[in-house]
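Engineer: After the structure tokens below, expect a handful of questions from me.
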Amino acid sequence: MEKMFNVGKIVNTHGIRGEVRVISRTDFPEERYKTGNTLYLFMPGSKDPSELIVGSHRVHKNFDLLTFEGYDNVNQVEKMKGGILKVPESQRGELEEGEYYFQDIIGCVMLSIDGEEIGKVVEILTPGANDVWVVKGRDGKEHLIPYIEDIVKKVDVNQKVIIIEPLEGLLP
């Protein structure tokens, strides 16, 4: 089977008409959750995914709310809670220069321009104007690194290395 990428997790149902509440893990929710798209639901403890066709998508209070074709009431979708929604690698589109998929950045080692290891990217936050990369240092402390040109100097997803020039006060 083709490599699959996580695009969201079903955390609850919403209402009685078969809508599910999803915490999104994709940069492109409007593209991933477009009506008619196919998503694969991986449930804990199950080997084989279920194929789902998106029936509708809307955003409500920081959640993506989805319905799926053939599932029109809460009883049918209740069992999907805790499931991970994925797409095959072939559905990943081409990105512009300087754009990266979250899963390509997470796990990269971050170094300063002096070659000092800062840590490994463990999470990406999207609070507003720019993404913030959460980097866990060897000491276990987390550093928040904004993804801006002034700081991030080089990203090599193939080598899993990111080089930054930290602004004064960014790192202890």
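All of the numbers you see were taken from the coordinates with simple rules; none came from a lab. In this text the structure is predicted, and so the values were computed from the model without any measurement. Neighbour counts are summed over all protein chains in view; Cβ atoms, including those assigned to glycine, are modelled from backbone coordinates with ideal geometry.
Engineer: In whole Å, largest first, what are the principal axis extents of the Cα atoms in the stretch 91-151?
Structural biologist: 37, 22, 22 Å, listed from the longest principal axis down.
Engineer: Still on this structure, I have one more. Pick from Asp139, Asp64, Asp156 the residue whose mean-square fluctuation is largest in a GNM of the chain, springs joining Cα atoms under 10 Å.
Structural biologist: Of Asp139, Asp64, Asp156, the Gaussian network model singles out Asp139 as fluctuating most.
Engineer: Where does the chain land on Rg/Rh, using Cα atoms and the Kirkwood Rh? Walk me through the numbers on the way to the answer.
Structural biologist: Values: Rg = 18.5 Å, Rh = 17.8 Å.
Looking at the chain, the ratio lands at 1.04.
Engineer: Give me the compactness ratio for the stretch 4-90, meaning the Cα radius of gyration over 2.2 N^0.38 Å.
Structural biologist: Values: Rg = 11.5 Å, N = 87, 2.2 N^0.38 = 12.0 Å.
Here the Cα radius of gyration is 0.96 times the empirical estimate.
Engineer: Which order do the peptides 126-134, 89-97 come out in when sorted by mean C-beta neighbours inside 10 angstrom, highest first? Please list the in-between numbers first.
Structural biologist: Working: 126-134: 13.6, 89-97: 8.9.
Per-residue Cβ counts within 10 Å, averaged per peptide and sorted highest first, yield 126-134, 89-97.
Engineer: For the pair Asp72 and Asn6, what calculated FRET efficiency results from E = 1/(1 + (r/R0)^6), where r is the Cβ-Cβ distance and R0 = 25 Å, to the nearest 0.05?
Structural biologist: Numbers: r = 26 Å, r/R0 = 1.04.
My answer for the efficiency is 0.45.
Engineer: Right, here's the next one. Which listed residue (Ile162, His143, Asn37) has the Cα farthest towards the positive end of the charge dipole for the chain, taking +1 on Lys and Arg C-beta and -1 on Asp and Glu C-beta about the Cα centre?
Structural biologist: The listed residue farthest towards the positive side: Asn37.
Engineer: In addition: Given the C-alpha centroids of the stretch 130-153 and the stretch 1-28, what is the distance between them in whole angstrom?
Structural biologist: The two parts, judged by their Cα centres, are 27 Å apart.
Engineer: Counting only DSSP beta bridges with both residues in the chain, tell me the antiparallel percent, nearest 5.
Structural biologist: DSSP beta bridges in the chain are roughly 90 percent antiparallel.
Engineer: What pairs in Lys81/Lys136; Lys3/Lys160; Lys47/Lys81; Lys9/Lys79; Lys61/Lys153 have C-alpha atoms more than 23 Å from each other?
Structural biologist: Details: Lys81/Lys136 30 Å; Lys3/Lys160 18 Å; Lys47/Lys81 16 Å; Lys9/Lys79 13 Å; Lys61/Lys153 35 Å.
As for pairs spanning more than 23 Å Cα to Cα, those are Lys81/Lys136; Lys61/Lys153.
Engineer: Given the rule -39500 (n - 2.57) for each run of at least 4 DSSP H residues, summed and divided by the residues of the chain, what is its mean residue ellipticity at 222 nm, to the nearest 500 deg cm²/dmol? Please list the in-between numbers first.
Structural biologist: Numbers: 3 runs with 12 residues, N = 172.
Value at 222 nm, helices only: -1000 deg cm²/dmol.
Engineer: Grab the beta carbon distance between Val59 and Val161, set R0 = 25 Å, and tell me the FRET efficiency rounded to 0.05.
Structural biologist: Given R0 = 25 Å and the Cβ-Cβ separation, E is 0.15.
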